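This report refers to the structure that appears directly beneath it.
Bear in mind that the values in this text are calculations on the coordinates, not laboratory data. None of these values were measured; they are calculated from a predicted model. Reconstructed Cβ throughout: ideal geometry from the backbone, glycine too, with neighbour counts over all protein chains shown.
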Amino acid sequence: MSTSINVVGLLLVVCLALVHVFIGKTQWLSRISPYRWVSVAGGVSIAYIFLDIFPELGRAQTEVEHINSFWINYFEHHVYLLALAGLTIFYGLEQLAMRSRAHHHKTEGEDRTQPAVFWLHIASFSLYNAILGYLLRETESHGWVAALLLFVALALHFVVNDISLREHHKHLYDRIGRWILAGAIVLGWVLDQAIRIDAAAISAIWALIAGALILNVLKEELPSERESNFRFFVAGAAIYSVILLAA
């Protein structure tokens, strides 16, 4: 891998970490209708899921089929089951956070999660971020364009994730959580320098994270109670689709 790609990758992962650190403090973002830019972010993420993640899952299926394992051979569509597992785990975390907020509001009068749920949520998203950092490092082998496209999708995804995490955890997220998540993605990128994982294992990990990514996008952009902007959603999806297909 060339030095230039290493430098580009390091800059991208640092910028992703800075998204977590500063997005909640960005004044200009608050002046834009949140329904518009969240819809754009959702459109970009959905385009990335359908045009990159789903094809990648197909390739991952082929990779993992070469693993000589009883459990792998038992599940005919094991990669897709891993994606389903990732989606299910993060859906469970979301439900846990919602119930914790409701219980804490009822008993303490504060609309935020309990500390134990906060730490569980942050630990899970830290692992999620670390793996995404590792996968971003792997994407660099395909060239800086591929890494840049993944960066754009992840940056917008992190913006939307931050909204949800801040809504759940309030000041605990601002004081502690955002710094942990920022460090986690840099750590994941750095770990790729020291730990080498074979292609089949990376494919299995990617499948698990893909399911979580799909859930985290859909729960923020598409629930009926959120007033999203369809035109901006379509614009984000269309523009990013063209870029992906052109690349």
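Remarks
- If the segment from residue 124 to residue 231 were pulled out straight at 0.36 nm per residue, it would be longer than the present Cα-Cα gap by 35.2 nm.
- Between residue 195 and residue 175, the contour length at 0.36 nm per residue exceeds the alpha carbon distance by 4.1 nm.
- The distance from the alpha carbon centre of the stretch 156-213 to that of the stretch 102-116 is 25 Å, rounded to a whole number.
- Kirkwood analysis of the stretch 36-246, using all unique Cα-Cα pairs, places the hydrodynamic radius at 18.1 Å.
- Charge dipole of the stretch 116-190 about the Cα centre (unit charges at C-beta), most positive-ward option of 116, 131, 180: 116
- Using only side-chain charges placed at the Cβ, +1 for Lys and Arg and -1 for Asp and Glu, the dipole size of the stretch 36-246 relative to its Cα centre rounds to 520 debye.
- Each other residue within a Cβ distance under 13 Å of residue 177 adds +1 if Lys or Arg and -1 if Asp or Glu, for a net charge of +2.
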